[in-house]
Structure formats: C-alpha cells, structure tokens
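The structure appears right after this line, and notes come after that.
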Amino acid sequence: MKIMIAVTHLLGTGHLTRALTLARAFAAEGHASTVVTGGMPAPHLDSTNVSLVQLPPLRSDGVNFTRLLNAEGLDAGEEVMQARMQALEVTLHDLRPDVLITELFPFGRRVLRAEFLHLLTCAATQLKRPLICASVRDILAPPSKPEKAHATENIITSHYDAVLVHSDRAITPLNISWPVTETLEDYLDYTGFVAPPAPAPHPHHLGSGEILVSAGGGDVGTDLFAAALDAARRDPARSWRLLIGGTNAQSRVAALQVDAPTNVVIEPARPDFRHMLHHAAASISMAGYNTALDLLQTGTPAVFVPFDAGGEVEQSLRAKALAALPGISVLPTAQLSGDALLHHLAQVMTAPQRSPQTNALDGARKTVEIVETLVSARR
C-alpha cells in the first residue's frame with residue numbers, strides 16, 4: 001500500500017515525531033510511506049525509510065495558535081497558505097495513496113481547516129478514493145464550545161472512515177478529554193500508545209548519574225530551564241544536563257550558559273536522548289506524549305512540569321494520570337522554583353524503582369494492522 005500522512009506541528013515536535021513513528025511502522029511492513037510535514041523542519045527526528053515532503057513551513061506565535069508565522073517569523077499571508085494547499089493537492093495527485101491519514105485534524109488544527117478540507121475534497125474526487133483516517137493522541141484539547149465538537153463530528157462523518165486513537169482505552173479513553181457520542185464511537189479504533197521500539201542503553205553510558213532536563217523540540221521551557229539552573233546551583237555535587245529545543249536552540253544555549261554553574265552541561269536537544277534516559281539519575285521534563293512514553297519505557301524517575309500556558313490542559317491530565325505510578329511526580333508551573341524541583345527530585349529518586357513498561361506501547365504496529373484490515377474490507 002501507499003500511505004500518506006499529513007501533519008503540521010506548530011510549537012513542539014511531538015506531532016511530527018508520532019507521525020514519523022507511524023510511517024516507519026508502515027514502511028517496516030513493506031508499505032511506501034510519505035509524511036507531508038507543514039511545520040518547521042526538524043532534521044534531528046528519525047525519518048528512516050520514510051519519504052518526507054516539506055510544505056512551506058509554519059509555526060505558531062508562541063501559544064497563540066491562531067496566529068501563524070512563516071519561516072522568517074512573519075505573519076503567514078494568503079500566498080503562503082495557497083502555496084501549501086497547492087503542494088498538498090499536487091502531492092496527493094502524484095502519490096495516489098491507498099491510505100490518507102490526517103494527524104490531529106479535525107480534532108485540532110482548526111486554524112488550518114481550509115487546507116485540510118481541501119485535501120479531503122481532492123481525495124474524494126480521485127478515481128480510487130483512499131481510505132481516510134484521523135490520527136489522534138491519547139488526550140486532546142477539549143472543545144471550548146459544544147459547536148466545535150459538533151463541527152468536528154460532521155467532518156468525520158462526511159469525510160472519514162476511521163479515527164485512530166493512539167492510547168489504551170483502559171488507561172485514557174478519548175472521552176476523558178473529548179465528548180464521544182454514539183456516532184463518533186463507531187469510528188474509533190484504539191491502537192495502544194504509539195512509541196518507537198524501546199531504546200537500548202547508550203553505548204557510551206552518556207547521561208550516567210545526571211539529572212536530564214528537557215522540554216521537547218519546541219521554543220518552550222524558558223521557566224523550566226531557569227528553575228533547573230537554580231536547582232543545580234543548590235545541588236553542586238550532582239551533574240545536570242539541559243537539552244534545549246527549538247529553531248533557535250543555539251542562541252538559547254548560549255544565553256543560558258552565561259551564568260550556568262560548573263556542574264551543568266547545556267546543549268541542543270539530541271537524538272540519543274532516549275538512550276541517555278537509561279543511565280540518568282532522574283528526568284525533569286514537560287509531559288508531552290512522546291516524552292511520557294520514553295519515560296515509561298525506560299523506568300527513569302521523573303518530575304513532570306506540564307505545559308499549561310495559554311490554557312492548555314492536555315499535559316496536566318496526562319501527568320496526573322501517570323503520577324499514580326511510583327517514581328513520578330507532578331510539579332505545576334505555578335509552583336515551579338529551584339527549591340521545588342529539588343524537593344520533587346528527592347521524592348522520585350527515593351521512591352520504589354519503577355520497572356520499564358512494555359504493555360500497550362506497540363500502537364504503531366497495531367495501527368498498521370488496523371489499517372490493513374480496513375483496506376482489505378473495502379476491496
């Protein structure tokens with residue numbers, strides 16, 4: 001089969017990471033996989049055996065997801081938006097995929113509604129209409145008004161064959177964060193959590209005994225890194241490592257290094273982060289989908305500082321659910337300080353050891369199985 005996944009990450013890189021994990025799983029089963037990405041380039045992510053098509057890139061203005069900026073940081077005008085729609089149409093026409101997957105839309109990315117609907121309309125007019133699936137993570141941003149949920153459901157019933165929910169129904173059913181009607185329920189297929197294969201220990205034991213501080217791949221985490229530096233000053237006997245993401249990671253690293261204590265290493269986010277977790281004394285991070293799964297797979301003691309700017313609730317809900325496990329603690333950003341980090345670190349590092357988790361983490365493979373079954377049923 002030929003698979004086309006359309007994804008646009010606007011702040012961090014979690015959505016693109018998940019889309020690439022799915023695409024690699026399809027490729028591993030012999031399916032030609034193409035990811036059409038509309039966010040800023042993220043060359044550190046693994047795109048092995050996946051074809052990448054880059055649209056004119058967009059990012060959000062911080063947590064203001066209604067204002068879209070182009071690659072130069074300027075307001076994205078109509079010319080950029082039209083170029084993106086044209087590129088999507090051309091890619092669809094050239095690939096003629098058997099399966100089209102839209103990541104997050106229509107449950108999110110409403111600011112890009114026009115281009116996604118254009119893509120769906122073009123797919124419907126192909127001689128052989130592809131199977132069309134929505135791909136969503138475990139927890140969504142709840143709709144602010146009932147009308148938004150109704151509009152989403154109308155798009156699903158008009159254009160889609162299935163909704164792939166990348167979670168375990170027993171742990172985080174979709175209705176925790178989204179109103180699921182009887183009609184919508186009929187479209188849902190739970191895949192389990194989508195994680196890449198569990199990382200092996202780092203070949204050079206990098207990160208051994210360190211406190212690893214990360215905030216994903218986006219231009220976020222300023223307050224978290226500041227608090228971590230303060231904590232490191234109060235904890236001189238231990239080594240700390242701050243991994244900085246975002247398009248301007250180098251300049252952020254340089255700014256943080258100005259007054260960093262000698263027991264801190266500061267560098268851009270790195271692709272071997274997951275392997276380093278095996279050796280770390282503990283992790284301090286936000287609670288994004290992919291980072292949370294990395295920590296479950298490695299069993300590393302973890303302090304979550306959920307991203308909650310702009311009224312975001314997704315990470316807080318996820319962190320609170322995971323905090324029921326040993327060695328995981330949640331520190332709200334309103335309480336964030338160096339002292340608070342040290343207090344929470346002491347809690348998780350003295351808690352009973354948490355075994356690495358493997359159950360319900362093969363969602364990428366399960367997604368391939370579900371999609372293969374759906375395609376076979378249409379023939």
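Read the figures in this text as sums done on the coordinates, not as results from a lab. All figures in this text were calculated on a predicted structure; none of them were measured in a lab. Here the Cβ positions follow ideal geometry from the backbone for every residue, glycine too, while neighbour counts run over all protein chains shown.
Each residue of the range 236-250 was assigned a 3J(HN,Hα) from its phi angle through the Karplus expression (A = 6.51, B = -1.76, C = 1.60, θ = phi - 60°), giving x, 7, 10, 8, 10, 9, 9, 10, 9, x, x, 5, 10, 4, 4 Hz with x at Gly and Pro.
For the range 211-349, what number results from the quotient of the Cα radius of gyration and 2.2 N^0.38 Å?
0.95
Kirkwood Rh over alpha-carbon pairs of the range 45-90, then Stokes-Einstein at 10 °C and 1.306 mPa s: what D in µm² s⁻¹, rounded to an integer? This corresponds to a translational diffusion coefficient of 133 µm²/s. Summing charges over neighbours of HIS44, with a neighbour being any other residue whose Cβ is under 14 Å away from its Cβ, gives -1 when K and R count +1 and D and E count -1. Mean 1/r over all different Cα pairs, inverted: what Kirkwood radius does the range 182-270 give, in Å? For the range 182-270, the Kirkwood estimate is 15.3 Å.
For the range 104-221, the alpha-carbon radius of gyration amounts to 1.36 times the rule-of-thumb value 2.2 N^0.38 Å expected for a compact globular protein. Each Lys or Arg adds one and each Asp or Glu takes one away; over the other residues whose Cβ falls under 14 Å from the Cβ of LEU92, this sums to +1. Amide H contacts under 5 Å for ILE284: LEU212, VAL213, SER214, VAL303, restricted to partners 5 or more places along the chain or on a different chain, H placed in the peptide plane at 1.01 Å from N.
As I understand it, the value is the acute angle between the Cα axis of helix 113-124 and the longest principal axis of the Cα atoms of the chain; what does it come to in degrees, rounded to 10? With both axes taken from Cα atoms, the answer is about 40 degrees. Each peptide among 309-322, 284-297 gets the average number of other Cβ atoms lying within 10 Å of its residues, and from highest to lowest they stand as 284-297, 309-322. Once both labels are positioned 7 Å from their Cα atoms along Cα-to-Cβ, the gap between SER376 and LYS2 label points is 2.3 nm.
A cut-off of 5 Å between modelled amide H atoms, ignoring neighbours fewer than 5 places along the same chain, links VAL330 with PHE304. Residues whose amide H comes within less than 5 Å of that of ILE244, counting only those at least five positions distant or on another chain, are GLU267, ALA269 (H built at 1.01 Å from N in the peptide plane). Over the C-alpha atoms of the chain, the Rg to Rh ratio, Rh being the Kirkwood estimate, stands at 0.97. Packing, as the average of other Cβ atoms within 10 Å across residues, places the peptides 11-23, 113-125 in the order 11-23, 113-125, highest first. Peptides 86-93, 207-214, ordered by how many other C-beta atoms sit within 10 Å of their residues on average, highest first, read 207-214, 86-93. Using alpha carbons only, how many degrees (0 to 90, rounded to 10) separate the axis of helix 146-159 from the longest principal axis of the chain? With both axes taken from Cα atoms, the answer is about 50 degrees. Compared with the dominant principal axis of the Cα atoms in the chain, helix 338-349 is inclined by about 80°.
As an equivalent ellipsoid, the range 1-111 spans semi-axes of 24, 15, 12 angstrom, where each value is the square root of five times an eigenvalue of the C-alpha gyration tensor, largest first.
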